[in-house]
2 protein chains.
Amino acid sequence: MEDSIRPGLKDVLTKQAGFSRDEYEFYFSLLKKRIVKKKEHYLQAGEISRATAYVNRGCLRQYIIGEHGKEIIIQFALEDWWIGDLESFHYEKPSLFSIQALEDSELMLLSRKNFLRVCEELPKYKTFHDEKVQRNHFATLKRLSLAKLGTPEEKYLLLMRDQPQLFQRIPLHFIASYLSIEPESLSRLRKRLTEKPRKS
Amino acid sequence: MEDSIRPGLKDVLTKQAGFSRDEYEFYFSLLKKRIVKKKEHYLQAGEISRATAYVNRGCLRQYIIGEHGKEIIIQFALEDWWIGDLESFHYEKPSLFSIQALEDSELMLLSRKNFLRVCEELPKYKTFHDEKVQRNHFATLKRLSLAKLGTPEEKYLLLMRDQPQLFQRIPLHFIASYLSIEPESLSRLRKRLTEKPRKS
């Protein structure tokens, strides 16, 4: 199985978690591959998230549906990202979120039981995981500030600067949902910014 | 100094972090008290957050100012809460946030140097801290979802349910800023909900 795994996982676990070759092999032996076809769901709201999921190939969106059926995208995930509902995973409670593949995707899953086993046998993995949660927390706090403060143009330009690759892979109406902008407004905004003559 | 400290800090460190009496006393000996008078700032945007701060008495708000001078409250803190910009604290970089006392407040500060010392000498404190960050992350993700999805009424009712004590202590225009609702709309909403006859 290891042959088809992109180098990202080994890289990040070696460099950021400090795994040796043996430690990585032990970790890798606990993973299970899951194929999620385009438009299929990996997780539905109300289900319990039973594993952490590393994206080996593909592209997914995590979203939540409000009382009036309005749907908002909370996160995208491309190759080398992790996706899932950690709160559901840790506390074994139903998830508020759904996760759907936007392209045929391949996930490497680590079950809760194996996650706890790795954390116990390799405390450096727990440290790596906690630091990932912390960085994610800081990013979410900034997104919360931006959601409340930012103009549509500011939100769009920041995303273009920080994650330009999303625009190559993800339909614009999904990006609009992620930015909480109406799809028509996002199209107009992009057109206006493209046409704007540069100052000379 | 210990006499004037409310029991909350000892309680949480004993019950949640598993501190013994000696461990608490060691921890406590590293804290420094800081008085912040009403309307004074504990942290200004652009400064580096040099300590974690436990609120022994008082009430504070953490806010951010957008490009056009618009101000948004990201968090309140009452007794037994921690407040600060952890990203600034951990990476020693200028904070995006400001923190101001809404009442005369008393904070118990743990400097970065001492924080690292406690984490090293008492790994259970690191675990406690990481779990706190994780819970905070889950709450922030929900607030992000609510900020994008919720109606003003939903946001108000959830805050009333989860943190009713805020309404006893904090001026309504600050709560409006926290909920991203115009102060006049929040007043009208409260009036309407109070007047609404209950279904019999």
Filter pass, B:I72 being within 12 Å of chain A (Cβ to nearest Cβ), aliphatic (A, V, I, L, M) and in contact (Cβ under 8 Å) with a residue 12 or more places away in the chain: yes
Residues within segment B:66-91 that are in a strand (DSSP E or B) and either surrounded by 15 or more Cβ atoms within 10 Å (Cβ to Cβ) or under 11 Å from the mean Cα position of the chain (by Cα) (or both), tallied: 8
Helices (runs of 4 or more DSSP H) within segment B:103-200 that include 1 or more residues touching a residue at least 12 places away in the same chain (Cβ under 8 Å) and at the interface with chain A (Cβ under 10 Å from one of its Cβ atoms): B:123-149, B:172-179
Matching residues in segment B:98-155 - criterion: being over 28 Å from A:L179 (Cβ atoms) and of a type in the set (G, A, S): B:A101, B:S105, B:S111
Unmet criterion (only one of (1) over 17 Å from the mean Cα position of the chain (by Cα); (2) without any contact (Cβ under 8 Å) to a residue 24 or more places away in the chain) for B:P94: (2)
A:R61 being more than 30 Å from B:A147 (Cβ to Cβ) and in contact with a strand residue (DSSP E or B) (Cβ under 8 Å, 6 or more places away or on another chain): no
Test: residue in segment A:43-57 that is small (G, A, S), in a loop (DSSP other than H, G, I, E, B) and farther than 18 Å from A:K32 by Cβ: yes
Residue check for B:P152: over 30 Å from A:I73 (Cβ atoms) and not hydroxyl-bearing (S, T, Y): no
B:G66 modelled with pLDDT under 95, in contact with a strand residue (DSSP E or B) (Cβ under 8 Å, 6 or more places away or on another chain), within 27 Å of B:E121 (Cβ to Cβ) and within 14 Å of chain A (Cβ to nearest Cβ): no
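Residue by residue, here is whether (1) farther than 25 Å from B:Q44 by Cα; (2) aromatic (F, W, Y) holds:
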| site | (1), (2) |
| --- | --- |
| B:S98 | no, no |
| B:E103 | no, no |
| B:E120 | yes, no |
| B:P123 | yes, no |
| B:F128 | yes, yes |
| B:N136 | no, no |
| B:T140 | no, no |
| B:S145 | yes, no |
| B:L149 | yes, no |
Enumeration of residues in segment B:26-53 that are in contact with a Ser or Thr (Cβ under 7 Å, 6 or more places away or on another chain) and buried (at least 18 other Cβ atoms within 10 Å of the Cβ): B:V36, B:L43, B:S49, B:A51
Residue check for A:E23: assigned to a helix (DSSP H, G or I) and either buried (at least 17 other Cβ atoms within 10 Å of the Cβ) or without any contact (Cβ under 8 Å) to a residue 60 or more places away in the chain (or both): yes
Residues located in segment B:86-102, provided they are of a type in the set (S, T, N, Q) and either farther than 19 Å from B:K33 by Cα or within 11 Å of chain A (Cβ to nearest Cβ) (or both): B:S88, B:S95, B:S98
Residue in segment B:29-38 that is within 14 Å of chain A (Cβ to nearest Cβ) and assigned to a loop (DSSP other than H, G, I, E, B) present: no
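The values are calculated or read from the model by the stated rules, or taken from the named source; none is laboratory data. Quantities reported herein were computed from a predicted structural model and do not represent experimental measurements. Neighbour counts are summed over all protein chains in view; Cβ atoms, including those assigned to glycine, are modelled from backbone coordinates with ideal geometry.
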